[in-house]
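First up is the structure itself, then whatever we jot down about it.
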Number of protein chains: 2
Amino acid sequence: MNTERHFEHGTPGEVVPSGRHDPEGRRRQLVRAAAELIPEVGLAKLTHRLVAQRAGVSLGSTTRYFANLDELRKAGLTEMSELLEEDLASTRARLEAEGVTPESLTEDIAEFLDQHELVRISIELMVAANADPVLRPLANHWADGIVDMLTPTLGPVVARGVVLIMDGATMHASVNEAPLPKELLREILATMLPVAVPPSGEA
Amino acid sequence: MNTERHFEHGTPGEVVPSGRHDPEGRRRQLVRAAAELIPEVGLAKLTHRLVAQRAGVSLGSTTRYFANLDELRKAGLTEMSELLEEDLASTRARLEAEGVTPESLTEDIAEFLDQHELVRISIELMVAANADPVLRPLANHWADGIVDMLTPTLGPVVARGVVLIMDGATMHASVNEAPLPKELLREILATMLPVAVPPSGEA
DNA sequence: ATAAGTACAGTACATTTGTACCATATGTAA
DNA sequence: TTACATATGGTACAAATGTACTGTACTTAT
């Protein structure tokens, strides 16, 4: 119709080698790319172009599937937090198998801290929730899940205390190259868990 | 000399109403403005223009006193962390006056968490240290200071455990509008500090 | 008082970014 | 096969931003 546009840098739609129609797959690729990139580069540096490149799609697709960058960010954060959900499940499995002891908790924390991506995810989720309260439930989900998991054996107070220690250790691992030594974590838990955790009763 | 420049939007240096020469004061104003703004808007949104506006100086001054934005950021972060240093001093005063007890520690943490600026400072420092390892000592200073302070009475293991709880509570306060209830913090500390802290000896 | 040097304000400009837009390729129904 | 609809790639463009630059006001030494 109207050809009154400029096209300073060339005309649009010239070559176009590939590009099957696949809206759902497209969207998934974009979300997955965003979920990968957030822990890598941080939310602050997440751009349409970066996500498009990682997803292997054109810039235009990022605006087609997400009204604005904020929506893309949120979708990426949600997808990203799935990894925390998986970690939650593996923690539950371990604690059910080994019981809730300083040793089993130490193993779990140390394993978490050694996966730098999980640490980065936790931090970026916290930062995001700080900027947008809508994301608070997502950011609290992991911690609340652990509290629920530990409460039956440790009671709600100590359960929350253990989660605070986990989050503190996460902050430490985010700042420092090496996380706190596993042996120190074990000593902390062995010393601070009252009565060294009776098999099922309480104090 | 060469007047080959464009000046599309006007000629530079036209009116200039005020502007005493005061290099040192200028620099201080800029650093102070940056230190104020970082907890307010976050490092990601700290720009030359924003700092200049807050400091009440021209854009040009920001580039005159700092080779690049990163230097301005670092100067602001360093100045900002002075508030944590002051908090460290007040904590030391309290613990020396009241002794290291679950109650005195609870008071101190609750007071910290209620000062949202301190929480924001801790978080931004952590984020910054994650992006630039040069800032790690700055980010670790507060936690290490508390550990040193608590170690004589609690031993190094529990001292680090208490600091992890503090950092965990800081993360929680960063995400949620209201920090953890003081009573819960007190219960956590009262339960998890072994033997409820004998006046000076160890277990 | 005057000249030289420095600080300052106010631009200018290249780059990056979010987002809108369009021509074409792909898919679907007749 | 031919219309029609939609997805895709490739821009276009305005706003924001880091930083360089320039003319002028202020300061200081003579």
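Every read-out reported here was derived from the displayed coordinates using simple, explicitly stated rules and does not represent laboratory data. These figures come from a predicted structure and were not determined experimentally. All Cβ positions, even for glycine, are placed from backbone atoms using ideal geometry, and neighbour counts span all protein chains on display.
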For this session: Can you pull the one-decimal nm distance between simple spin-label points at B:Asp148 and A:Gln115, each 7 Å off the Cα toward Cβ?
Result: 3.6 nm
For this session: Find every distance from the label point of A:Glu117 to the corresponding label point in the other copies (7 Å from Cα along Cα→Cβ) and write them in nm, one decimal, shortest first.
Result: 4.0
For this session: Would you kindly work out, in nm and rounded to one decimal, the distances from the label point of A:Gln53 to those of the same position in each other copy, ordered shortest first, with label points 7 Å along Cα-to-Cβ?
Result: 3.0
Exercise. Just A:Leu59, A:Leu46, A:Leu30 to compare: in a GNM of chain A, with alpha carbon springs under 10 Å, which one fluctuates most?
Worked result: A:Leu59
Exercise. Between B:Glu85 and A:Ala89, what FRET efficiency comes out of the Förster formula 1/(1 + (r/R0)^6) with R0 = 56 Å and r the beta carbon distance, rounded to 0.05?
Worked result: 0.85
Problem set entry | Computed over the range B:23-79, Cα set: Rg, Dmax in Å | 9.5, 27
Exercise. What does the convex hull of the Cα atoms come to per residue for the range B:81-196, in Å³?
Worked result: 92 Å³
Exercise. Whole number please: convex hull volume per residue of the Cα set in the protein assembly as shown, in Å³?
Worked result: 200 Å³
Problem set entry | Spin-label pair A:Ala97/B:Glu183, simplified geometry with 7 Å Cα→Cβ offset, distance in nm | 4.0 nm
Exercise. Which whole number in µm²/s is D for the range B:100-146 by Stokes-Einstein, with the Kirkwood Rh taken over Cα pairs at 37 °C and 0.692 mPa s?
Worked result: 281 µm²/s
Exercise. Sorted from shortest, what are the nm distances separating the label point of A:Glu71 from equivalent points in the other copies, each placed 7 Å from Cα along Cα to C-beta?
Worked result: 4.4
For this session: Between B:Ala44 and B:Val195, with labels modelled 7 Å along Cα→Cβ, what's the label distance in nm to one decimal, could you check?
Result: 4.8 nm
Exercise. Using a cut-off of 29 Å between alpha-carbon atoms, which lysines can reach B:Lys45, once sequence neighbours fewer than 8 places away in the same chain are excluded?
Worked result: A:Lys45, A:Lys74, B:Lys74
Exercise. Just counting partner chain Cβ atoms within 10 Å, what average do the residues of peptide A:189-195 show around their Cβ?
Worked result: 5
Exercise. Any idea what Rg and Dmax come out to for chain A if you just take the C-alpha atoms, in Å?
Worked result: 22.2, 80
Exercise. What residue among A:Leu164, A:Leu105, A:Leu43 shows peak mean-square fluctuation when chain A is described by a Gaussian network model with Cα springs under 10 Å?
Worked result: A:Leu164
For this session: Calculate the mean, over all residues of peptide A:38-51, of how many other protein chain Cβ atoms lie within 10 angstrom of the residue's Cβ.
Result: 1
